[in-house]
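> Take a look at the following structure, please.
The values are calculated or read from the model by the stated rules, or taken from the named source; none is laboratory data. The structure presented is a predicted model; accordingly, all values stated were derived computationally and were not measured. Here the Cβ is made from the backbone with ideal geometry for all residues, glycine too, and neighbour counts use every protein chain on show. Note: areas computed on protein heavy atoms with side chains; ligands, DNA, RNA excluded. Shrake-Rupley method; radii C 1.70, N 1.55, O 1.52, S 1.80 Å.
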Amino acid sequence: MIHWQETISVLSVDLKRFWLTFAIGVNLFLSIFSGFALAQATPPNIPLNPDFTFPGKDTPQGVEVNSASLVENANAWNGRVITFKGEVIGEAMVRGKMVWIHLNDDAYMWKNIEEEAKLDGYNSGHAVWISSDLAMGIRFFGDFKHEGDVVKIAGMFHAACPQHGGDMDIHASTLEIVRVGHSVHHVFNTSRAITAAVLLVLALVLYRFRIIIRSRYAF
Amino acid sequence: MIVRPRWADFKIIGLYTGKVVNGIALLMVVPLATSIFFGEWNPALDFLLAIGACLVFGLGLEVLCQTSRDLAWGHGLVVVSFSWLMATVLGAIPLHLSGHFSSYLDAMFDVMSGYTTTGLILLQDLDHVSNGLNMWRHVLTFAGGQGIIVIALTFLFKGTAGAYKIYVGEGKDERLLPNVIQTARAIWLVSLAYLMVGSFFLWIAGMSLGLGPVRGLLHAVWIFMSAWSTGGFAPQSYNSFYYHSLLYEVITVPIFVIGSFNFALHWAVWTREKTEIYRNIEIISFFTTMTIAMLLAMAGLMKLNVYPDIIALFRKMFYQVTSAHTTTGLATIYSRTFVRQWGAMAMLGIILAMAIGASACSTGGGFKGIRMGIIFKAVIQDVRRLISPESARIVEKWHHISTRLLDDATVRTAMLIVLSYVGIYALGTVVGVYYGYDLVQAMFDSVSAGSNSGLSCGVVSPTMPTLMKVVYIFEMWAGRLEFMSLFALAGYWVALFRGR
């Protein structure tokens, strides 16, 4: 029986061959129609987005970065050790001795909409790959009924992680709980309950009317 | 001469629109039950209020517009477009009441996106919404995929001769069975059977990935609904990226590929003709255009050296392109990654895939494979005609359930619809560029809305200009209904003022 890793490596070789043939074909085509120099011209890389932070030569390791900057200038931050702070949402997805957690550093990090925070855009955050021992300290995960813990992690950022199929992630080595989360208290909306009751009674009356009217049209 | 619609015409339209709106109230029972089960009392109230509003509107229309006349073609088409509008307005009530939207228009945007299986969202702080609201979002997309008219036909219509006329108006014209109500029930039978099987596999996979049994089940049902309907909604803001799992990807890809196939093809394969899957023009067209889109995306990604190895590149590229081509919109990358890492070339591959889209009479959008196949065959026929003697009679055939001769009327119809799609894609692009967005990015999100795909590169956001939101809502609506119903509704408005 072929082991799955062997299957993947065979597949990988086949894909590489396929891609090589395709690339040679494309280059040959370009060389014939546009000349060798143009065919081999290097395309410009995607430039840095100056509206978001990016590392310079003297940027120290472990600097705190937000999720938007990591996405907008992913290639520049790739392979750097950074610090990232956010609310833990969803759940910890355990994979052996490691675990996936998701940290949101958006406008709802300290207070979410269910706690009547101001609307201020989408969620944004990052996936973090961390040891389950470190993640065990997390008490609250953000959802409808909870405001999650806010944690600060430090680790290496990958624009396309070679270990995780090209996912953009942070491999964290430390975790510090900045704020413990809590349950969200929802106040029962009485006026909404009364409106709903009135509408449902009205619907019941209309339903009776409909039966009467339909019986007339049936003949 | 344009004939002005009479009160009797409005009564027919009102009666059937009322029935469809009652169907929306029926659908809301599912999220209501979910909210009650999880003790989410305020969302439960929101759904009760919305059910009340739908029933008052729907039953009110039925009482006011009761008639024994049956539908004509024009009525059927207007009923569909008007019902979709009203279903959007009323379906947005629980979303708006949740407090996660900046305006009622934003809530309507998400509802239209759900019904049309687009998947673009303006909902804010998705990671803190209730299970009930998440259920409603996914039920919207599941119901929209099969067609809300199909739901009404399945549960609320009895022996109506005109039922076929509103069924066709929703962008479906295949009769799987002789009776259209039986056809609607067959569509539900197929979808519910897949729902059970698909959700079960996703549930098992979810638990193996670290989701708890209850959360795993909810995620499985929601992701199945989204994938099968080629919707694109997901319960977390990270979309499919949340799971970090090849297994989840391996399960979801076949679901949205199968979901994007023609219901008639499903039925043929289920009931009699297994070889149909190899011969069908849409399947051949789908795999041809998908290969082209993949090569484009791959070339772009290779040039920019985005991924560390060929396996990672292929995995990301395959998921995104397949999701785009089936007009699903589930993604394993951030929206802005398209712009900031993938680059224009790979984005063009995705745009091409989204523009062409899925199969006719499916849950998907876009030009549709059948039309691409017909147009390609027509080009081949014309080329053959050019190089053949004048006396030669050139015959081209195409196969979809049965083998048919290609005629000019079929080609003209296909071209008309494709041109209409190009028109709405262009409209959204122009408006985007007008507001200062980059051309490729404006085109990306416009094509995504018009083809009901749902992938975004960051143009769609709660802060985008109101006109763009309206244009995108129109694109989603027009693209899903494939224009004829909209033309009929517009015609009714013209006739109202200019008819005699």
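> So which residues in the range B:332-359 are open to solvent by less than 20 Å² (accessible area, probe 1.4 Å) and more than 12 Å from chain A (Cβ to nearest Cβ)?
Residues satisfying the conditions are B:G349, B:I350, B:I351, B:A353, B:M354, B:A355, B:I356, B:G357, B:A358, B:S359.
> Restricting the first residue to the range B:392-403 and requiring it to be within 15 Å of B:I283 (Cβ to Cβ), which pairs with a second residue that is surrounded by 10 or more Cβ atoms within 10 Å (Cβ to Cβ) and of a type in the set (K, R) meet a Cβ separation below 7 Å and a spacing of at least six or different chains?
From the range B:392-403, the pairs are B:W398/B:K377; B:W398/B:R404; B:H399/B:R279; B:T403/B:K397.
> Within the bounds of the range B:70-92, is there any residue that is more than 10 Å from every other protein chain (Cβ to nearest Cβ), touching a His at 6+ places or on another chain (Cβ under 6 Å) and open to solvent by 10 Å² or more (accessible area, probe 1.4 Å)?
no
> Within the range A:182-219, which residues are facing chain B (nearest Cβ under 7 Å), part of a helix (DSSP H, G or I) and open to solvent by 70 Å² or more (accessible area, probe 1.4 Å)?
Scanning the range A:182-219 gives A:L202, A:Y207, A:F209, A:R214, A:Y217.
> Could you check the range B:169-283 for helices (runs of 4 or more DSSP H) lying wholly inside it with 2 or more residues that are at pLDDT 95 or above and open to solvent by 10 Å² or more (accessible area, probe 1.4 Å)?
Per the criteria, B:180-208, B:213-228, B:246-259.
> Looking only at the range A:158-181, count every residue that is away from chain B (no Cβ under 13 Å) and surrounded by fewer than 21 Cβ atoms within 10 Å (Cβ to Cβ) and tell me the total.
First, the residues of the range A:158-181 that are away from chain B (no Cβ under 13 Å): A:172-180.
Next, from what is left, pick out any that are surrounded by fewer than 21 Cβ atoms within 10 Å (Cβ to Cβ): A:173-174, A:176-180.
Looking only at that region, the number is 7.
> With B:D445, B:D408, B:D438 as the choices, which residue is open to solvent by 70 Å² or more (accessible area, probe 1.4 Å) and modelled with pLDDT of 95 or more?
Values: B:D445 fails: open to solvent by 70 Å² or more (accessible area, probe 1.4 Å); B:D408 fails: modelled with pLDDT of 95 or more.
Every option except B:D438 fails the conditions.
> Does the range B:291-311 contain any residue that is more than 9 Å from chain A (Cβ to nearest Cβ), in contact with a His (Cβ under 7 Å, 6 or more places away or on another chain) and assigned to a helix (DSSP H, G or I)?
Within the range B:291-311 (the criterion being more than 9 Å from chain A (Cβ to nearest Cβ), in contact with a His (Cβ under 7 Å, 6 or more places away or on another chain) and assigned to a helix (DSSP H, G or I)), the answer is yes, since at least one residue qualifies.
> Kindly provide the set of residues from the range A:136-157 that are open to solvent by 10 Å² or more (accessible area, probe 1.4 Å) and either in contact (Cβ under 8 Å) with a residue 12 or more places away in the chain or under 21 Å from A:N66 (Cα atoms) (or both), ordered by number.
A:G137, A:I138, A:R139, A:F140, A:F141, A:D143, A:F144, A:K145, A:H146, A:K152, A:A154, A:M156 - these are the residues of the range A:136-157 that are open to solvent by 10 Å² or more (accessible area, probe 1.4 Å) and either in contact (Cβ under 8 Å) with a residue 12 or more places away in the chain or under 21 Å from A:N66 (Cα atoms) (or both).
> May I pose another question? Which residue pairs have Cβ atoms under 7 Å apart, sit 6 or more places apart or on different chains, and have a first residue in the range B:180-200 that is under 23 Å from B:V250 (Cβ atoms) and among the β-branched types (V, I, T) and a second that is open to solvent by less than 30 Å² (accessible area, probe 1.4 Å) and in a helix (DSSP H, G or I)?
B:V190/B:F263; B:V190/B:H266
> Any residue in the range B:31-50 that is outside any helix (DSSP H, G or I), open to solvent by 30 Å² or more (accessible area, probe 1.4 Å), within 10 Å of another protein chain (Cβ to nearest Cβ) and among the aromatic types (F, W, Y)?
yes
> Looking at the range B:98-119, which of the residues that are part of a loop (DSSP other than H, G, I, E, B), small (G, A, S) and under 19 Å from B:V459 (Cα atoms) is farthest from the other protein chains (Cβ to nearest Cβ)?
Filtering the range B:98-119 for residues part of a loop (DSSP other than H, G, I, E, B) gives B:98-103, B:116-119.
Cutting the leftovers down to small (G, A, S) gives us B:98-99, B:102-103, B:119.
Filter again for under 19 Å from B:V459 (Cα atoms), leaving B:102-103, B:119.
Values: B:S102: 5, B:S103: 10, B:G119: 14 Å.
Applying the filter and picking the extreme gives B:G119.
> If a residue must be within 9 Å of chain A (Cβ to nearest Cβ) and small (G, A, S), how many such residues does the range B:218-250 contain?
2
> Only one of A:E114, A:E87 is touching a residue at least 12 places away in the same chain (Cβ under 8 Å) and in contact with a helix residue (DSSP H, G or I) (Cβ under 6 Å, 6 or more places away or on another chain). Can you tell me which?
A:E114
> Related question: Cβ-Cβ under 7 Å, sequence separation 6+ or interchain: first residue in the range A:176-193 and within 26 Å of A:G90 (Cβ to Cβ), partner open to solvent by 60 Å² or more (accessible area, probe 1.4 Å) and assigned to a loop (DSSP other than H, G, I, E, B). Which pairs?
Between residues of the range A:176-193 that are within 26 Å of A:G90 (Cβ to Cβ) and residues that are open to solvent by 60 Å² or more (accessible area, probe 1.4 Å) and assigned to a loop (DSSP other than H, G, I, E, B), the close pairs are A:V180/A:R139; A:G181/A:R139; A:S183/A:K145; A:V184/A:K145.
> Consider only pairs whose beta carbons are under 8 Å apart and that are at least six residues apart or on different chains; among these, list those whose first residue lies in the range B:290-317 and is of a type in the set (D, E) and whose second residue is surrounded by fewer than 22 Cβ atoms within 10 Å (Cβ to Cβ) and not in a helix (DSSP H, G or I).
These pairs meet every condition: B:D309/A:P162.
> While we're looking at this one, here's another question. Output the number of the condition that B:C457 fails; it satisfies all remaining conditions of (1) part of a helix (DSSP H, G or I); (2) open to solvent by less than 50 Å² (accessible area, probe 1.4 Å); (3) not polar (S, T, N, Q).
Condition not satisfied by B:C457: (1).
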